[in-house]
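Asker: Quick one: this structure, given as structure tokens, is what I'll be asking you about.
The values are calculated or read from the model by the stated rules, or taken from the named source; none is laboratory data. Bear in mind that the values here come from a model prediction, so they are computed numbers and not experimental data. Using ideal geometry, Cβ is built from the backbone for each residue, glycine included, and neighbour counts are taken over all protein chains shown. Just so you know, the surface numbers come from the protein's heavy atoms only, side chains and all, with ligands and any DNA or RNA stripped out. Shrake-Rupley method; radii C 1.70, N 1.55, O 1.52, S 1.80 Å.
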Amino acid sequence: MLAEELPAVEPVDVDWSHVERLLPRRTVPTPTDKAAYPSGWTPQRGNPSLPYSVRRSVNHMLPVYLRIMEDGVKRLTVVRNVRGDIWKLHDELKRHLEETNSRYIASRVNEVSLYVQFKGEYVQQVKDWLRERGL
Amino acid sequence: MASRAGQEKALRLLRHLPRVALNNIDHPNPKPASRRKRGAHGGDTHGAGDKGSKARQHFARAGFEGGQTPFYIRIPREDPYKGHHLRWEYPPVSLHQLQLMVDTDRVDAGRQIDLTQICNSGLFRLEPLRRQFGFQITDEGMDEFVTPVNLEVQWASERVIAAVERAGGTITTAFYDMASLQAMVDPERFFKRGVPIPRRALPPQDAVGYYTDPSTRGYLADPEQVARHRLTLAQKYGYELPEVKEGPLTERKDPRQIFFGLEPGWLVNLTDKQVWRVKDPVMSEYFRS
């Protein structure tokens, strides 16, 4: 279209904050401190007394995941990004899960990839246990 | 009954034997190993019998049933994509996820949380070209939902509406047509296209009933009716209806508007931080109607 054919325009005085509000953030925000978190999420407080720690994900979530394999038959609870004494965390967590569920739970430790696996579906229990310790 | 010595011998033997498994016991085998028709006893006709079209590889076409109307002609066709453009999807966002987003500051609870704000959080993605016409709020986590929010979604069940209003917030169900959706899902990309903000269309015939109904908090419903339904819903579910003050929790868009503070027909220039509108009276009349 030629410049003469385009419609005439005039500038509009508008509060630019309305436009800025529509643009997304470029980074994940750091959550501010609040009195309560109704969703059950807690920030990482840290626990220097423990010989291990667990690094949160980019979205500030606990790295505990459920892996479902073999068409839903095999379920594994994975705790990733374990730093420090991974075997200590494994032993304590395994003892807690076995006591809570009154059964033997097969587990696995990978020191190279820094994860601990438990056979079964214990994501919520593991997360609660980690939250109690401020991790 | 075996003797003591025999038992002990058996147990000693058991320690060295391999574990009993399917590969070391005699059991029925439904699939015997296939044997190729080769060699002295498999040769000559090689399993094809004597003469006939089968021995000469002159088989009838696949699906032929000896003259009987075959299955693939007898059964009528079914078009897999028939009417697919009418099957609209509303990807779910649960109340638990919403509460989590508010707790972790992924979404601003102080202003209206609409389609754009949910997409901008980076946690949810809407693809209008895949027949996704907005978000629906599901009731997972409705017992723990306590934050007063101003929600605008495309569908919500009665329980969800009750949960949001019990927390002291407001919820509206609004319709956005395809052009408006593509602008809302990624406003930055839309502004870079250099296209004026579209005038939102009214819902189609089969959706008008839902969006004009006060019980579903439709955006075209009468506000007085909506207020009455808020009270009746509180009575139905047995909670005290909190008072909602005029302010960010009650801000609403015009039915033809898609962005707050920006009218349809305006052109946004991000680089120069300038907004333009058309001078022509006919065009501006259309956009403002």
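Asker: Only residues that are part of a helix (DSSP H, G or I) and either open to solvent by less than 80 Å² (accessible area, probe 1.4 Å) or within 14 Å of chain A (Cβ to nearest Cβ) (or both): list them for region B:237-260, please.
Answerer: Scanning region B:237-260 gives B:PRO248, B:LEU249, B:THR250.
Asker: Any residue in region B:88-107 that is part of a strand (DSSP E or B) sitting within a Cβ distance under 8 Å of a residue that is acidic (Asp, Glu) and surrounded by fewer than 21 Cβ atoms within 10 Å (Cβ to Cβ)? List the pairs, counting only those 6 or more apart or interchain.
Answerer: What qualifies is B:SER94/B:ASP139; B:SER94/B:GLU140.
Asker: When only residues in region A:45-54 that are without any contact (Cβ under 8 Å) to a residue 40 or more places away in the chain and out of contact with any strand residue (DSSP E or B) (no Cβ under 6 Å at 6 or more places or on another chain) count, which is farthest from the other protein chains (Cβ to nearest Cβ)?
Answerer: A:SER49
Asker: Could you check region A:28-44 and list, in sequence order, the residues that are open to solvent by 70 Å² or more (accessible area, probe 1.4 Å), more than 7 Å from every other protein chain (Cβ to nearest Cβ) and not charged (D, E, K, R)?
Answerer: Passing the criteria: A:THR30, A:ALA35, A:GLN44.
Asker: Being among the small types (Gly, Ala, Ser), open to solvent by 100 Å² or more (accessible area, probe 1.4 Å) and at pLDDT below 90 narrows it down to one residue among B:SER34, B:SER3; which is it?
Answerer: B:SER34
Asker: Quick one: which residue in A:PRO7, A:PRO38 is in a loop (DSSP other than H, G, I, E, B), out of contact with any strand residue (DSSP E or B) (no Cβ under 7 Å at 6 or more places or on another chain) and without any contact (Cβ under 8 Å) to a residue 40 or more places away in the chain?
Answerer: A:PRO38
Asker: I'm told A:ARG25 meets every condition in (1) more than 9 Å from chain B (Cβ to nearest Cβ); (2) closer than 30 Å to B:GLU140 by Cα; (3) open to solvent by 70 Å² or more (accessible area, probe 1.4 Å) except one. Can you identify the failing condition by its number?
Answerer: With (1) more than 9 Å from chain B (Cβ to nearest Cβ); (2) closer than 30 Å to B:GLU140 by Cα; (3) open to solvent by 70 Å² or more (accessible area, probe 1.4 Å) applied to A:ARG25, the lone miss is (1).
Asker: Could you pull out the residue among B:GLY209, B:GLY194 that is open to solvent by 10 Å² or more (accessible area, probe 1.4 Å), among the small types (Gly, Ala, Ser) and under 30 Å from B:VAL275 (Cα atoms)?
Answerer: That would be B:GLY194, the only listed residue that is open to solvent by 10 Å² or more (accessible area, probe 1.4 Å), among the small types (Gly, Ala, Ser) and under 30 Å from B:VAL275 (Cα atoms).
Asker: Filtering region B:84-110 down to residues that are in contact with a Phe, Trp or Tyr (Cβ under 8 Å, 6 or more places away or on another chain) and open to solvent by 10 Å² or more (accessible area, probe 1.4 Å), which residue is nearest to the other protein chains (Cβ to nearest Cβ)?
Answerer: Among those that are in contact with a Phe, Trp or Tyr (Cβ under 8 Å, 6 or more places away or on another chain) and open to solvent by 10 Å² or more (accessible area, probe 1.4 Å), it is B:LEU100.
Asker: Suppose we keep only residues that are on the phi > 0 side of the Ramachandran plot and either among the charged types (D, E, K, R) or facing another protein chain (nearest Cβ under 10 Å) (or both) within region B:111-145. Which one would you say is least open to solvent (accessible area, probe 1.4 Å)?
Answerer: Here the residue is B:GLY141.
Asker: Within the bounds of region B:146-167, is there any residue that is under 20 Å from A:HIS18 (Cα atoms), open to solvent by less than 20 Å² (accessible area, probe 1.4 Å) and free of Cβ contacts under 8 Å to residues at least 12 places away in the same chain?
Answerer: Scanning region B:146-167, I find no residue that is under 20 Å from A:HIS18 (Cα atoms), open to solvent by less than 20 Å² (accessible area, probe 1.4 Å) and free of Cβ contacts under 8 Å to residues at least 12 places away in the same chain, so the answer is no.
Asker: Turning to a different aspect of this structure: So, of the residues in region B:261-289 that are at the interface with chain A (Cβ under 7 Å from one of its Cβ atoms), assigned to a loop (DSSP other than H, G, I, E, B) and in contact with a helix residue (DSSP H, G or I) (Cβ under 9 Å, 6 or more places away or on another chain), which turns out to be surrounded by the most Cβ atoms within 10 Å (Cβ to Cβ)?
Answerer: Checked region B:261-289; the qualifying residue surrounded by the most Cβ atoms within 10 Å (Cβ to Cβ) is B:TRP266.
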